[in-house]
Structure formats: C-alpha cells, structure tokens
Amino acid sequence: MRPVLPTTLRHAVLRRAQPRGARFASTSTEAAQQKAKDTLGNAAQSAGKAWEGAVKFLGPVGEKAASLLGAYRQPFFYNLAVTREIVKQIYRAEGLSPPSLSTIQTAYKTIWDSVTNVAYLRQIAGNGDLARVGVYALEAYGIFK
C-alpha cells in the first residue's frame, strides 16, 4: 500500500506544480479579441459605405437589390467582412501569391487546345467522360460568374 500524504502537504506540492504565468494569459487574448472586433466593425462600416455607393451608382436597380436584402443586409455584410478577414489572414499566413500571367496563359491554352481538338472530343464522348467535363465546366462558370 502506498503512503498517503497529509492534505496540506499535497496542496503545497500541487500549487508548486502549477505554472505561474498561465494564470494571467487571458489578458492578451482579450486584447486580441477586442482588436478583432474593432477590425471587423471597421470592415463592416466600410462595406456598408460601399453598398450605399453601389446603390446610388446603380440607381433604381440598386435600390431594388437593397430592398430585397431587407433585414438581412447587416448580417450579410458582417459575414462578408468576417470571411474577407479570415481569407486575408490565411493568405498572409500561408504566404500565398496569385498565379503568374504565364501560368494562366498556359492553363487557358491547354483548355482551348482540348476543346478545339475533334479527336479529344470524340474520345471523351466515347468513354463517358463528357458528363464529367460538362459538370466541371458548369462549376467553373458558377465560380467565375
């Protein structure tokens, strides 16, 4: 059987085992949260100004679009601002960069060569890949619309 430590000795040992600096770690977290709230507030405000400018620029069509959003306008722009800030943080953290012009030209040239090649079109129609290519084309159209 193992010996039982007296309660006061056990508490003293446990107190020493706890790290001292971790107790006040929430102060920096609170500051970061406040900074994030301020940034999002500013982003939402600028998005609202941009929306008003777009409504004014588009005239009656813009007013109709604004009226369609109704009460969802503020949450919509808040979520848009949050998404933009998250994407910006990921973009910076990952060290991402847009593709070069030569990469884009190569991709479009490959696609164009495939579409204009009759033998390629016969091949994908024959083995059933035409539906898959059609779905990919619709997805690309939806993304870049």
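The values are calculated or read from the model by the stated rules, or taken from the named source; none is laboratory data. This is a predicted model, so every value here is computed, not measured. Cβ sites come from the backbone with ideal geometry, for glycine too, and all protein chains shown count toward neighbours. Accessible surface areas use protein heavy atoms only, side chains included; no ligands, DNA or RNA. Shrake-Rupley method; radii C 1.70, N 1.55, O 1.52, S 1.80 Å.
Would a scan of segment 118-129 turn up a residue that is part of a helix (DSSP H, G or I), of a type in the set (Ser, Thr, Tyr) and open to solvent by less than 90 Å² (accessible area, probe 1.4 Å)?
Scanning segment 118-129, I find at least one residue that is part of a helix (DSSP H, G or I), of a type in the set (Ser, Thr, Tyr) and open to solvent by less than 90 Å² (accessible area, probe 1.4 Å), so the answer is yes.
In segment 90-107, which residues are at pLDDT 90 or above and open to solvent by 80 Å² or more (accessible area, probe 1.4 Å)?
101, 105, 106
Got a sec? Which of 74, 105 is assigned to a helix (DSSP H, G or I) and more than 30 Å from residue 133 (Cβ to Cβ)?
74
Can you find even one residue in segment 134-144 that is outside any helix (DSSP H, G or I) and either touching a strand residue (DSSP E or B) at 6+ places or on another chain (Cβ under 8 Å) or within 30 Å of residue 37 (Cβ to Cβ) (or both)?
No.
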